[in-house]
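Engineer: One structure is given below, represented as structure tokens, and several questions about it will come after.
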Amino acid sequence: PPLAGASPGALNPFDRRLKRKQKNWAALQAEPAKCDYLREEVGGRIADRVFDITRTFPLALDVGSGRGYIAQHLTKETVEKLIQVDIAENALKNAIESEIPTIKVVADEEFLPFKEDTFDLVVSSLSHGLCFCVLQIHQVLKPDGVFIGAMFGGDTLYELRCSLQLAELEREGGFSPHVSPFTAVADLGHLLSRAGFNTLTVDTDEIQVNYPGLFEVMEDLQGKYILCMGESNCSWNRKPLLHRETMLAAAAIYQEMYGNSNGSVPATFQIYYMIGWKYHESQAKPAQRGSATVSFGDLAKIEGLLKREKK
């Protein structure tokens, strides 16, 4: 199918054709592994959530798998067979080896080429545009199947974004986004519920990395967002370049506003983790409204009753 977002529109703020080019170029770089630490860390945390579910998954799907950052942490005792899907064929060619039998499929994550009720498990780690494919993920899951995913939160790189905006306002009289927009946590539960998931769990985590200065942040992000993750800004209203004077001003603002006592500067990555289940009649159901036998108001009295019982 044609790439989603191939022309500007209200429903998708990203240029998907540019995203494919970025990720393909990233996968061909000489040392992508040195920038993989963030995706490998998040992939491991998703694998931990898979291990928390005490069952074996015969068939699993990794959406936006990249080089296979989740698969390397999984075991064949937990996942018997895995299909990796990514928009960039070069990322799949350079995938990290895993002990799980794996099939690689080149496809746009927003047009998953699978039948309904196919997979027992779907995982996704920091896939760009994950919000636009949760409905299809729900469709390809079997009843009682589970989706476990992670995506960047709205406060990711807030130090960098704020410094660049203030510098551009001062030097150029306006600013443009230089990092792709992120989702707010308040929207995730509603998004998953609208897609049909139930028994939802959403939690937030932060990973902070310290750098000598703004230019080192930008260099690492070029490797992390382009070389490794292919996540450089691809929004339709992006600005193609930053002027030297603006960059120097942003570096000074970054150091002044967020600098550590030792002279380094922090970069914060906020990660949202989500878990959702596809409905099955065997799943536990909430009790009917009004069927409770204990009031929440009585819970405050429990401590007093226990003390009285000890006496």
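Engineer: Rank these residues by their accessible area, most exposed first, probe 1.4 Å: LEU305, LEU92.
Structural biologist: Largest accessible area first, the list is LEU305, LEU92.
Engineer: Between LYS285 and HIS190, what is the FRET efficiency for a Förster distance of 30 Å, r being their Cβ-Cβ separation, to the nearest 0.05?
Structural biologist: It comes out at approximately 0.90.
Engineer: Taking H placed 1.01 Å from N in the peptide plane, check which residues at least 5 places from GLY129 or on another chain put their amide H under 5 Å from its amide H.
Structural biologist: It is none; the list stays empty.
Engineer: Separate question: Non-local amide H neighbours of ILE83 (under 5 Å, H modeled in plane, Pro and chain starts lacking H): which ones?
Structural biologist: Close amide H contacts, sequence-distant or interchain: ALA60, LEU61, ASP62, ILE103.
Engineer: Show me, for region 117-126, the HN-Hα J-couplings you get by feeding each phi into the Karplus relation (A = 6.51, B = -1.76, C = 1.60, θ = phi - 60°), rounded to Hz, glycine and proline as x.
Structural biologist: 6, 9, 10, 7, 8, 10, 10, 7, 10, 6
Engineer: Rounded to the nearest 0.05, what FRET efficiency do ARG244 and ALA107 give with R0 = 41 Å and r taken as the Cβ-Cβ distance? Could you check?
Structural biologist: 0.50
Engineer: Separate question: Would you list ARG308, ARG289 from the most to the least accessible area, probe 1.4 Å?
Structural biologist: ARG289, ARG308
Engineer: For the cross-link pairs LYS81/LYS278; LYS81/LYS285; LYS115/LYS278; LYS93/LYS278; LYS142/LYS285, which exceed 24 Å when the distance is taken from alpha carbon to alpha carbon?
Structural biologist: Listed pairs above 24 Å: LYS81/LYS285; LYS93/LYS278.
Engineer: What FRET efficiency would be calculated for the residue pair MET257, ASP48, taking the C-beta separation as r and a Förster radius of 30 Å, to the nearest 0.05?
Structural biologist: Using R0 = 30 Å, I get an efficiency of 0.30.
The values are calculated or read from the model by the stated rules, or taken from the named source; none is laboratory data. Small disclaimer: the values here were computed from a predicted structure and weren't measured. FYI the Cβ positions are ideal-geometry reconstructions off the backbone, even for glycines, and counts take in every protein chain you see. All accessible areas refer to the heavy atoms of the entire protein, side chains included, with ligands and DNA or RNA removed. Shrake-Rupley method; radii C 1.70, N 1.55, O 1.52, S 1.80 Å.
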